[in-house]
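Asker: Dumping the structure here so I can ask a few things about it.
Just so you know, all these numbers are worked out from the coordinates, no wet-lab data involved. Because the structure is a prediction, the values reported are computed rather than measured. Note that each Cβ is placed from the backbone with ideal geometry, even for glycine, and that neighbours are counted across all protein chains shown.
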């Protein structure tokens with residue numbers, strides 16, 4: 001890495017199975033940053049959602065909304081100390097899942113709650129959006145072996161992938177790095193990760209793309 005990374009708050013985002021949490025943890029370790037992680041395993045409604053989405057969508061979504069808002073509010077309140085942070089979720093994307101999973105009445109209720117909670121959310125200095133096709137996501141979900149995630153089907157991931165692409169096509173709240181994560185290993189690989197760090201260090205504004213074709217060494 002030739003130049004230092006000066007971003008104080010980095011968010012790694014992307015659909016289920018793309019590797020955002022693993023990459024966020026690696027970045028936090030590299031940068032000596034504090035991790036701000038989603039904590040999906042803390043949501044008691046999530047296993048029920050994957051088994052029966054219709055009955056559990058609203059409590060699942062509201063739990064995540066309150067959880068993420070609390071984490072980011074705590075982060076904002078501690079800004080006097082300004083520790084560097086890396087997170088595996090962007091608060092605004094919560095609405096993406098809500099629009100996919102809730103019916104009209106539930107979504108109207110959710111939006112009322114969201115509007116109250118979103119007022120004091122800090123903006124990141126950089127967002128890294130990881131992309132991969134559905135078949136890659138399905139393979140990675142199966143490989144990591146979380147029991148309740150095995151109920152996820154390809155059609156749900158396809159809809160989620162499309163929603164993410166639409167969301168980030170319009171996203172302008174922070175500098176954005178879009179990464180093709182389909183065929184590179186940003187968690188265990190060395191060369192691809194070093195190239196990513198170089199990309200991150202050089203980003204100060206705007207939209208950027210990272211799509212290396214390389215052999216790891």
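Asker: Any chance you could tell me what percent of the C-alpha pair distances in the range 1-123 go past 27 Å?
Answerer: Percent of Cα pairs beyond 27 Å in the range 1-123: 22.
Asker: Now for a separate question. Can you put 16, 10 in order, fewest other beta carbons within 10 Å first?
Answerer: So the ranking, lowest neighbour count to highest, is 16, 10.
Asker: If you wrap a convex hull around the Cα atoms of the range 103-217, how much volume per residue is inside, in Å³?
Answerer: 150
Asker: Is any residue of the range 92-131 close enough, with backbone N under 18 Å, to a label point placed 7 angstrom from the Cα of residue 76 along the Cα-Cβ axis, and if so, which?
Answerer: Under 18 Å, as judged by backbone N against the label point of residue 76, lie 92-95, 111-126 of the range 92-131.
Asker: OK, next. With the chain treated as a Gaussian network of Cα nodes joined by springs under 10 Å, which of 149, 74, 92 yields the largest mean-square fluctuation?
Answerer: So, out of 149, 74, 92, the one fluctuating most is 74.
Asker: When Rg is the radius of gyration of the Cα atoms in the chain and Rh is its Kirkwood radius, what does Rg/Rh come to?
Answerer: Radius of gyration relative to Kirkwood radius: 0.95.
Asker: Continuing with this model, one more query. So if each residue of separation counts as 0.36 nm, and I subtract the Cα-Cα distance between residue 111 and residue 84, what length gain in nm does that give?
Answerer: Length difference between fully extended and current span is 6.7 nm.
Asker: For the range 9-210, what is the relative contact order in percent, using Cα pairs closer than 8 Å and at least 6 residues apart in sequence?
Answerer: Contact order relative to length: 29 percent.
Asker: Next question, about the same structure. Between the range 31-53 and the range 121-157, how far is it from one alpha carbon centroid to the other, in angstrom?
Answerer: Cα centroid of the range 31-53 versus Cα centroid of the range 121-157: 12 Å apart.
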